[in-house]
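Report on one structure; see the data block that follows.
The values are calculated or read from the model by the stated rules, or taken from the named source; none is laboratory data. These numbers come from a predicted model, not from an experiment. Reconstructed Cβ throughout: ideal geometry from the backbone, glycine too, with neighbour counts over all protein chains shown. Areas reflect the complete protein model, heavy atoms only, side chains present, ligands, DNA and RNA absent. Shrake-Rupley method; radii C 1.70, N 1.55, O 1.52, S 1.80 Å.
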Amino acid sequence: MVTTVTTAPNEVIVVKVGSSLLIGENGNVRRKWLETLVSDIAKRHQDGASVIIVSSGSIALGARNLGLEKGGRASLADAQAAASVGQITLSSLWSELLAEHDITAAQMLLTLDDMEDRKRYLNATATLEKLLENRAIPVINENDSVATDEIRFGDNDRLAARVAQAASADRVLLLSDIDGLYDRTAGSETEGQFIGLVEQVDARIMAMADGSSSSGLGSGGMTSKLEAARIANLAGIELSIISGQEDHPLERYQLTNVGTLFKASGQANARKSWLGGRLTSAGTITIDAGAAAALAEGNSLLAAGIITIEGQFERSDVVDIAGADGQIIARGLAEYDALDCAKIIGRRSSELEALLGYSPRSAVVHRNQMVLV
């Protein structure tokens with residue numbers, strides 16, 4: 001099965017390149033291949049599209065230069081040191097190759113906190129808008145020199161989706177070492193059927209994923225790509241997984257349409273897109289079946305439907321909303337802090353003022369500050 005893709009003038013495209021494609025088995029950059037990819041990118045740029053590159057490779061390149069074991073991933077300290085060395089080489093490489101097409105490259109290094117904090121996220125959005133307005137191509141990577149195991153994207157697939165949200169992109173292209181999604185992981189007893197179109201990233205689709213990185217260079221796998229698709233689709237952005245193994249991978253995709261296309265849902269507003277794409281939260285509110293049904297119908301979360309709360313969140317913090325089975329079904333901004341929320345669990349709205357000692361807010365999480373996930 002094939003997907004359908006077209007590139008239109010004025011559209012914004014995010015292209016993600018992983019370490020396994022950028023770096024060969026000998027540890028060197030696959031420069032000839034990269035030149036063909038840059039040629040593809042330059043053509044779209046010259047046709048009027050805006051392109052953002054999300055590029056892995058700094059840790060692998062730095063590990064080679066420093067002589068570190070396990071590709072620089074033996075420890076957090078090794079990875080941070082490798083990234084700080086390799087990022088210079090990586091950014092110089094992209095700048096040099098884009099300059100051959102008279103295109104200015106710009107470097108942006110982002111952390112998970114940059115995209116989870118609303119103010120910093122908006123700052124990143126403003127920077128991207130100005131760069132694209134001036135026809136520069138941003139080259140983005142996670143700032144692995146300061147990221148920690150606890151606070152990091154962990155892979156550039158999800159980073160690419162979050163960047164796409166921030167830039168109001170039209171599509172994301174994840175270059176992979178396979179053509180797209182199969183309904184069986186590598187090594188399973190059956191060969192697996194290729195899936196060219198995914199309407200929704202649900203539990204059935206996620207079950208097809210393999211979280212490992214086959215090359216040993218990258219940090220993701222199909223799981224991270226499916227999570228990226230979910231993030232992008234929530235913001236109304238199409239995402240495709242395509243093969244980057246051959247020369248001119250973008251041209252190949254446009255000619256053959258071979259890849260897995262994840263169709264976007266109806267586009268949410270900017271705040272809800274940011275909420276839906278977040279990877280962290282300050283707490284979890286577990287609700288009963290009746291409240292879950294009410295949320296599905298577009299209603300706010302009321303205290304009466306809450307079963308338990310977890311976390312020490314403050315008012316306006318982001319909280320996850322889980323069903324009785326523990327599955328996250330929504331995410332939103334809390335209207336109460338955890339202490340007050342604990343006082344009103346399961347209570348009717350008419351009881352709240354007496355319990356709290358002040359005039360209660362209309363909802364624990366208002367529908368205008370919530371997104372279903």
In segment 82-105, how many are in contact (Cβ under 8 Å) with a residue 24 or more places away in the chain and either part of a helix (DSSP H, G or I) or basic (Lys, Arg) (or both)? 14
Of all residues in segment 43-67, count the ones that are among the aliphatic types (A, V, I, L, M) and in contact with a Phe, Trp or Tyr (Cβ under 7 Å, 6 or more places away or on another chain). 1
Which of (1) open to solvent by 10 Å² or more (accessible area, probe 1.4 Å); (2) at pLDDT 95 or above; (3) within 17 Å of residue 19 (Cβ to Cβ); (4) in a helix (DSSP H, G or I) is the odd one out, the single condition residue 139 does not satisfy? (4)
How many residues, within segment 70-117, are open to solvent by less than 50 Å² (accessible area, probe 1.4 Å) and of a type in the set (D, E, K, R)? 3
Checking the condition hydroxyl-bearing (Ser, Thr, Tyr), at pLDDT 95 or above and touching a Leu at 6+ places or on another chain (Cβ under 6 Å), which residue from 260, 286, 308 passes? 260
Do you know which of the residues in segment 320-345 that are of a type in the set (A, V, I, L, M), out of contact with any Lys or Arg (no Cβ under 7 Å at 6 or more places or on another chain) and assigned to a strand (DSSP E or B) is farthest from residue 282 (Cα to Cα)? 329
Filter pass, residue 328 being open to solvent by 50 Å² or more (accessible area, probe 1.4 Å), β-branched (Val, Ile, Thr) and modelled with pLDDT of 95 or more: no
Search result, residues across segment 46-69 that are surrounded by fewer than 20 Cβ atoms within 10 Å (Cβ to Cβ) and either within 26 Å of residue 248 (Cα to Cα) or in contact (Cβ under 8 Å) with a residue 60 or more places away in the chain (or both): 46, 47, 48, 49
Does segment 13-30 hold any residues that are under 17 Å from residue 58 (Cβ atoms), among the charged types (D, E, K, R) and without any contact (Cβ under 8 Å) to a residue 24 or more places away in the chain, and which are they? 30
Go through segment 12-32 and report how many residues are open to solvent by 10 Å² or more (accessible area, probe 1.4 Å) and hydrophobic (A, V, I, L, M, F, W, C). 2
Which residues, counting only those in segment 144-188, are under 22 Å from residue 279 (Cα atoms), charged (D, E, K, R) and either modelled with pLDDT under 90 or open to solvent by 20 Å² or more (accessible area, probe 1.4 Å) (or both)? 144, 149, 150, 152, 155, 158, 170, 171
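On the basis of being open to solvent by less than 60 Å² (accessible area, probe 1.4 Å) and either assigned to a helix (DSSP H, G or I) or closer than 26 Å to residue 126 by Cα (or both), does residue 290 make the cut?
Taking the combined requirement at face value, the residue satisfies it.
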Restricting segment 346-373 to residues that are outside any helix (DSSP H, G or I) and farther than 18 Å from residue 299 by Cα, the one modelled with the lowest pLDDT turns out to be 359
